[in-house]
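Undergrad: Handing you this structure, nothing more for now.
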Amino acid sequence: MKRYLKASAIAVLLALAGNLPAATTKTVEKTKSLKGTQGYRDEMRQPPEPYTGPPRTGAQVYAYRCSACHSKTTQGAPMPGDDLEWGQRAKQGMDVLMQHTIHGYKQLLMPPRGGCRNCSDAELKAAVLYMLKASHVKPPS
């Protein structure tokens with residue numbers, strides 16, 4: 001793979017210089033015809049695949065995305081069942097919890113939409129309520 005990338009880079013440089021040998025033309029054409037992304041950043045810029053199924057429950061969204069960080073104490077993510085941490089967060093109010101969920105929090109330690117780019121706001125709220133309920137914390141108004 002590295003050799004192919006080096007050959008492609010050389011082909012592009014030669015093409016820019018106007019000295020493209022015939023054998024390298026195929027490499028440039030092959031590079032141009034590649035489909036898909038060239039890495040994580042390209043993938044993050046693409047719109048998410050739309051979710052076309054029935055609305056997901058809070059438990060389903062939690063299992064699908066939230067549990068990656070909230071099932072262990074990763075970077076301070078409170079686990080369901082941690083009534084102290086969730087109690088402190090609940091005191092901020094549901095609007096603040098949802099703002100952090102939708103827009104991300106703490107320099108993106110909590111990613112926007114909790115990493116579930118194709119989750120609706122209602123599904124994200126259901127996931128937050130699921131974690132609060134699992135922690136025996138009354139949802140804020």
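The values are calculated or read from the model by the stated rules, or taken from the named source; none is laboratory data. None of the values given here were measured: they were computed from a predicted structure. Positions of Cβ are backbone-derived with ideal geometry, glycine not excepted, and every protein chain shown enters the neighbour counts.
Undergrad: Taking the conditions exactly as written (out of contact with any His (no Cβ under 9 Å at 6 or more places or on another chain), under 17 Å from residue 119 (Cβ atoms) and small (Gly, Ala, Ser)), does residue 68 satisfy them or not? I'd like the intermediate steps shown before the answer.
TA: Values: out of contact with any His (no Cβ under 9 Å at 6 or more places or on another chain): yes; under 17 Å from residue 119 (Cβ atoms): yes; small (Gly, Ala, Ser): yes.
Taking the combined requirement at face value, the residue satisfies it.
Undergrad: For the stretch 72-90, does any single residue satisfy the condition of being touching a Lys or Arg at 6+ places or on another chain (Cβ under 9 Å), hydrophobic (A, V, I, L, M, F, W, C) and either in a helix (DSSP H, G or I) or in contact (Cβ under 8 Å) with a residue 60 or more places away in the chain (or both)?
TA: Within the stretch 72-90, one or more residues are touching a Lys or Arg at 6+ places or on another chain (Cβ under 9 Å), hydrophobic (A, V, I, L, M, F, W, C) and either in a helix (DSSP H, G or I) or in contact (Cβ under 8 Å) with a residue 60 or more places away in the chain (or both).
Undergrad: Can you pull out the residues in the stretch 108-124 that are in contact (Cβ under 8 Å) with a residue 60 or more places away in the chain, in a helix (DSSP H, G or I) and surrounded by 15 or more Cβ atoms within 10 Å (Cβ to Cβ)?
TA: Let us first name the residues in the stretch 108-124 that are in contact (Cβ under 8 Å) with a residue 60 or more places away in the chain, namely 117-120, 122-124.
Among the residues that remain, those that are also in a helix (DSSP H, G or I) are: 122-124.
Residues satisfying the conditions are 123, 124.
Undergrad: Ok, one more. Could you count how many residues in the stretch 95-107 are in contact (Cβ under 8 Å) with a residue 24 or more places away in the chain and surrounded by fewer than 16 Cβ atoms within 10 Å (Cβ to Cβ)?
TA: 2
Undergrad: Still on this model: So residue 130 ticks every box in (1) modelled with pLDDT of 95 or more; (2) part of a loop (DSSP other than H, G, I, E, B); (3) of a type outside the set (Gly, Ala, Ser) but one. Which box is left unticked?
TA: (2)
Undergrad: Among the residues of the stretch 62-94, which ones are farther than 19 Å from residue 137 by Cα and buried (at least 19 other Cβ atoms within 10 Å of the Cβ)?
TA: Of everything in the stretch 62-94, those that are farther than 19 Å from residue 137 by Cα and buried (at least 19 other Cβ atoms within 10 Å of the Cβ) turn out to be 65, 69.
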